[in-house]
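Remarks on the structure that follows.
The values are calculated or read from the model by the stated rules, or taken from the named source; none is laboratory data. What you see is a predicted model, and the numbers here were worked out from it, not measured in a lab. To get the accessible areas, we keep the full protein, side chains included, count just its heavy atoms, and leave off ligands, DNA and RNA. Shrake-Rupley method; radii C 1.70, N 1.55, O 1.52, S 1.80 Å.
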Amino acid sequence: MPLYTWLKAGTTAAVVVLATATAATAAPAPEPSTASASAVVTLRYDDSRAGGWESAIAAGVASWNANVGNLKLVEAAPGTRAEIVIVATTGWPQATLGPVRPGRQVRVELGSQAVTQGYDKTRIAAHELGHSLGLPDTKPGPCSQLMSGSSAGTSCANAVPNATERARVESAYANGAAFRIPTDGRILVDAP
């Protein structure tokens, strides 16, 4: 099944990405569409309009960076364009379904309504970033699935993607795949 169809279908089958090491050369870095499986895609995020969520965003970003090897999320320098724009709102959390890629932009809204109801801020931030990286919801689901979102209940504070979620993101960003897969573009609202 083509990767784009697989991502839209929302299956939970694990994808194994095998990478082979290549000898280092002095040649210039390959273009994104021909990047090797070990190439790291860097995506910038802007949380300047996410007041009150800074520590949760930092922890969510750290979780993704620690668990996915071929993707790195970094804070955008002031005045530079970010691929992921994060804002605080009063509603339910929501995000544009990716995978986002360099040069494109998606929006993440971190809604205080979920926090008021008792959901963990760091889990919310990591979950919504997961949408931007191309992961749909897996509701209902257990706390061990980051993308189960609110269906795991208010006692769930897990902000770490499981093996299947990590493999799907790594697959989406392997060998420049995210440059060939159109961003889904749907807005996913994470209300119970």
Original post:
Which cross-chain or sequence-distant (5 or more) residues have an amide H under 5 Å from the amide H of E75, H modelled 1.01 Å from N in plane?
Top reply: Y45
Subject >> Separation between Cα centres of region 47-73 and region 107-127, rounded to whole Å >> reply: 13
**OP:** May I ask you to rank T90, T80 by accessible area, largest first, using a 1.4 Å probe over the protein chains only?
**Re:** T90, T80
**OP:** May I ask for log10 I(q)/I(0) of region 99-183 at q = 0.24 Å⁻¹, from a Debye sum over the Cα atoms as equal point scatterers with solvent left out?
**Re:** -1.14
